[in-house]
Amino acid sequence: MDPQHDTAAAARETVAALVARARAAQRIADGYDQARIDELVAAAGWAILEPGRNRELAELAVADTGIGRVEDKVRKNHRKTLGLLRDLQGAKTVGVIAEWPERGIVEIARPVGVVCAVTPSTNPAATPANKIINAIKARNAVVVAPSPKGWSTAARLVGFIHAQFDRIGAPRDLVQVLPAPVGKASTAELMRQCDLVVATGSQANVRAAYTCGTPAFGVGAGNVASIVDETADAERAMTLLLQSKTFDHATSCSSENSLVVVAAMRDAVLAALARRGGRLLDAAHKAALQRLMWPDGHLSPAVIGQSARTIAERAGWPGIAAADPSVLIVDEDGFGPDHPFSGEKLSPVLTLYTVPDFDAAVETVRRIYAHQGAGHSVGLHSERPERALRLGLTLPVSRVIVNQAHAIATGGSFDNGLPFSLSMGCGTWGRNNFSDNMNVRHYLNVTRIARPIPERVPTEDEIFGTFFGKYGRA
């Protein structure tokens, strides 16, 4: 017998049973009106927002994955879910959702069916909750495919949602999770059997989603760079940067990995960082840190989602560890595989590039993203608003985050207009098919009714007048 064949066959059977139950539940939800769907959304939201359950999920996530910080996960679970519920409040996802009488067009929201939600170990509660709530709002069923380390947290979340669904008489099978042990075979099979894949996490999972044969949304790699120009308030900028960089030990794909500073600001920036616990490493410490972080060319789990103090301890630096640094900083001037600090680090390690002026800062970010992180976003600390526009017009990014704590702002915040999300599309730059923050519109099909309107056929002059006037009619 072929063990691989047996594993694949078992995965097909298990997943087929889950998907059949999900389809039956989804057919029930398809008949719900908007008020009933909004009850389900509230139930799923309260499952994670209730403080006791929120903390239990946060503690379980850190205990089982070894990644991040409990208090920050509590805040993330609360803030991201509450923000999503705010975004969805009053949103139409049942029946007619838009009408344009002058165009003769009516839009009707329709569900996509069964959603496969692939989720990472870095956010094993907040990301599944976000995807589940969006899917339910669009009258879909959803099956979560968590990372193996994040399975227990996702399963506990789904259990909490089932208990809330029981309270309101909703079918439990609208929300399910792959049974443990979760492996590549069962995740791949779920991707094949569902109607839509929404994949957040490793680029291997995203590539698998895009090639599974099912319509899919996947996200690009993070490796955010943030520019501090000569007009910035260094104290404010570094307060915001460290608020972002230290949150959940920098596990977010939106956490700054590189800080690109105009030379005139370097001293002020380093002084502001030092006052906030930032430690600039010398060349010897940098070399030792590189060996710890990339022992075989790949980022080591020994540093992912760990505190700067823990990383210093594991690097063998008791003096630095005793100072309890907030972030470890390394100078860099190179890019690419031979300069691993130019890539994503998923830890409170910050790479510092010093450049002569803003033009050089833009070029530095471009070179960083040519290595890794294209399509995601860029941070800017500046008092010159036209510079944000320049970045948006010229850099390969889907978002320009201005004078904000990047990891908190990129995925939507109560003080900016981006949708609350933990899945950021990176456009074709990041090998994605969307550049939005993933939101409920990505979980909907839309049917359009087209009625006849008065005909309007343009003349040749209306279309070609300017062209003919400049180049003639040849």
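Being surrounded by 21 or more Cβ atoms within 10 Å (Cβ to Cβ) and either over 27 Å from residue 433 (Cβ atoms) or among the aliphatic types (A, V, I, L, M) (or both) is the filter here, so list the residues in the stretch 377-390 that pass it. Don't jump to the end; show me each part of the working.
If we filter the stretch 377-390 for residues that are surrounded by 21 or more Cβ atoms within 10 Å (Cβ to Cβ), which is where we start, we get 377-382.
Within the stretch 377-390, 378, 380, 381, 382 meet the criteria.
Summed over the stretch 58-69, the residues that are assigned to a helix (DSSP H, G or I) and either surrounded by fewer than 16 Cβ atoms within 10 Å (Cβ to Cβ) or of a type outside the set (A, V, I, L, M, F, W, C) (or both) give a count of 4.
Once the stretch 316-332 is narrowed to residues that are hydrophobic (A, V, I, L, M, F, W, C) and in a strand (DSSP E or B), the residue that is surrounded by the fewest Cβ atoms within 10 Å (Cβ to Cβ) is 330. Report, ordered by the first and then the second residue, all pairs with beta carbons closer than 6 Å, sequence separation of six or more or different chains, a first member in the stretch 76-105 that is assigned by TED's automatic domain parsing to the domain that holds residue 129, and a second member that is of a type in the set (Phe, Trp, Tyr). Sorted first by the residue in the stretch 76-105, then by its partner, the pairs are 80/420; 83/420; 84/420; 87/420. Scanning the stretch 428-471 for residues that are part of a loop (DSSP other than H, G, I, E, B), charged (D, E, K, R) and more than 21 Å from residue 104 (Cβ to Cβ), we see that the one that is farthest from the chain's Cα centre (by Cα) is 431.
Can you tell me which residue within the stretch 218-232, out of those that are among the small types (Gly, Ala, Ser) and over 12 Å from the mean Cα position of the chain (by Cα), is farthest from residue 398 (Cα to Cα)?
Taking the candidates together, the pick is 232.
Against the conditions (1) among the basic types (Lys, Arg); (2) closer than 18 Å to residue 403 by Cα; (3) touching a helix residue (DSSP H, G or I) at 6+ places or on another chain (Cβ under 7 Å), residue 279 satisfies every one except (2). Taking the stretch 8-36, which residues are closer than 18 Å to residue 196 by Cα and in a loop (DSSP other than H, G, I, E, B)? Passing the criteria: only 30.
Considering only residues that are small (Gly, Ala, Ser) and under 24 Å from residue 72 (Cα atoms), look in the stretch 391-416 and name the one that is surrounded by the fewest Cβ atoms within 10 Å (Cβ to Cβ).
Pass one, the stretch 391-416, residues small (Gly, Ala, Ser): 392, 398, 405, 407, 409, 411-413.
This time we only want the ones that are under 24 Å from residue 72 (Cα atoms), so: 405, 407, 409, 411-413.
Numbers: 405: 21, 407: 26, 409: 21, 411: 28, 412: 22, 413: 17.
Across the stretch 391-416, the extreme among qualifying residues is 413.
Among the residues of the stretch 254-274, the ones that are in a helix (DSSP H, G or I) and within 29 Å of residue 65 (Cβ to Cβ) come to 1 in all.
Would you mind stating whether residue 113 is closer than 30 Å to residue 346 by Cα and either buried (at least 22 other Cβ atoms within 10 Å of the Cβ) or touching a Leu at 6+ places or on another chain (Cβ under 8 Å) (or both)? Spelling it out, it is not the case that residue 113 is closer than 30 Å to residue 346 by Cα and either buried (at least 22 other Cβ atoms within 10 Å of the Cβ) or touching a Leu at 6+ places or on another chain (Cβ under 8 Å) (or both). Just one residue in the set 182, 198, 206, 175 is at pLDDT below 95, among the hydrophobic types (A, V, I, L, M, F, W, C) and crowded, with 24+ Cβ neighbours inside 10 Å; that residue is 206.
How many residues, within the stretch 282-291, are surrounded by fewer than 17 Cβ atoms within 10 Å (Cβ to Cβ) and in a helix (DSSP H, G or I)? First the steps, then the outcome.
Our first condition is that a residue be surrounded by fewer than 17 Cβ atoms within 10 Å (Cβ to Cβ); within the stretch 282-291, this holds for 282-284, 287-288, 290-291.
Retained after the next criterion (residues that are in a helix (DSSP H, G or I)): 283-284, 287-288, 290-291.
Residues in the stretch 282-291 being surrounded by fewer than 17 Cβ atoms within 10 Å (Cβ to Cβ) and in a helix (DSSP H, G or I): 6 in total.
Against the condition touching a helix residue (DSSP H, G or I) at 6+ places or on another chain (Cβ under 8 Å) and closer than 19 Å to residue 181 by Cβ, how does residue 57 come out, does it pass? Criteria not met by residue 57. Selection of first residues in the stretch 41-69 that are acidic (Asp, Glu) and of second residues that are assigned to a loop (DSSP other than H, G, I, E, B), restricted to Cβ pairs under 9 Å at least 6 apart or on distinct chains, gives the following pairs, ordered by first then second residue: 64/121; 64/124.
Search the stretch 333-352 for residues being acidic (Asp, Glu) and more than 22 Å from residue 240 (Cα to Cα), and hand back the single one that is surrounded by the most Cβ atoms within 10 Å (Cβ to Cβ).
As a first pass, look at the stretch 333-352 and keep what is acidic (Asp, Glu): 333, 338, 344.
Restricting the remaining residues to those that are more than 22 Å from residue 240 (Cα to Cα) gives 333, 338.
Numbers: 333: 11, 338: 8.
So the residue we want is 333.
The set of residues in the stretch 224-253 that are in a loop (DSSP other than H, G, I, E, B) and either out of contact with any Gly (no Cβ under 7 Å at 6 or more places or on another chain) or surrounded by fewer than 24 Cβ atoms within 10 Å (Cβ to Cβ) (or both) comprises 229, 230, 231, 232, 233, 246, 252. Evaluating residue 162 against the criteria (1) touching a helix residue (DSSP H, G or I) at 6+ places or on another chain (Cβ under 8 Å); (2) surrounded by fewer than 24 Cβ atoms within 10 Å (Cβ to Cβ); (3) assigned by TED's automatic domain parsing to the domain that holds residue 64; (4) in contact (Cβ under 8 Å) with a residue 24 or more places away in the chain leaves one unmet condition, (4).
Beta carbons closer than 6 Å, at least 6 apart along the sequence or on distinct chains, pair a first residue in the stretch 401-415 that is at positive phi and of a type in the set (Gly, Ala, Ser) with a second that is in a loop (DSSP other than H, G, I, E, B) and surrounded by 21 or more Cβ atoms within 10 Å (Cβ to Cβ) for 412/420; 412/421.
Taking residue 122, is it assigned by TED's automatic domain parsing to the domain that holds residue 70, farther than 20 Å from residue 446 by Cα and either modelled with pLDDT of 95 or more or surrounded by fewer than 17 Cβ atoms within 10 Å (Cβ to Cβ) (or both)? Walk me through how you get there before you give the answer.
Numbers: assigned by TED's automatic domain parsing to the domain that holds residue 70: yes; farther than 20 Å from residue 446 by Cα: yes; either modelled with pLDDT of 95 or more or surrounded by fewer than 17 Cβ atoms within 10 Å (Cβ to Cβ) (or both): no.
Against the criterion (assigned by TED's automatic domain parsing to the domain that holds residue 70, farther than 20 Å from residue 446 by Cα and either modelled with pLDDT of 95 or more or surrounded by fewer than 17 Cβ atoms within 10 Å (Cβ to Cβ) (or both)), residue 122 does not qualify.
For the stretch 121-160, the set of residues classified as closer than 19 Å to residue 34 by Cα and either in contact with a strand residue (DSSP E or B) (Cβ under 6 Å, 6 or more places away or on another chain) or among the hydrophobic types (A, V, I, L, M, F, W, C) (or both) consists of 131, 132, 133, 135, 136, 138, 139, 140, 141, 142, listed by residue number. If you check 279, 309 for being assigned to a helix (DSSP H, G or I), modelled with pLDDT of 95 or more and charged (D, E, K, R), only one passes: 309.
The values are calculated or read from the model by the stated rules, or taken from the named source; none is laboratory data. Nothing here was measured: the structure is a model prediction, and the numbers come from that model. Don't worry about glycine lacking a Cβ; one is built from the backbone with ideal geometry, like all the others, and counts go over all protein chains shown.
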